[in-house]
C-alpha cells in the first residue's frame, strides 16, 4: 500500500491508498472512536466487508474485484469521512499507465 494524506474537516486529515493487487486496506481515522457504517456506490457494505478498531478502518480485499478507483464513505458520529482507494498496476512504487513520463518513489 502507498498512502497519500488529504484534508477532511471531521478528522483533520485522511488517507488515499494505492494498491496493485486485491488486499485488505487499512486507513487511520485519527480521533474517530466508532464507525456506524461504510457506504460504497450509495449502498451500505455488509459487516464482513469492513471492520473498525482503535481508530483504524479496514476495508477487506473482497471489496476490490476489479482495477479502478473506489470511493467509500465511513459514517461516524458527527459526519462522514471519504476514503479513496486506487487499484491499478504499480511497478517499482509508481503507477504504470500509458503516456510519457514516469513516477518513482523510495522509502
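Please treat every number below as a calculation from the coordinates, not as lab data. Keep in mind that what you see is a predicted model, and the values were worked out from it rather than measured.
Tabulated values for the structure
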{"item": "Gain in span if fully extended, residue 44 to residue 80, counting 0.36 nm per residue against the direct Cα distance", "result": "11.7 nm"}
{"item": "Potential lengthening between residue 61 and residue 34 on full extension [0.36 nm per residue; Cα-Cα distance subtracted]", "result": "7.6 nm"}
{"item": "Interatomic Cα distance distribution for the range 39-92, bins of 10 angstrom, percent", "result": "20, 57, 20, 4"}
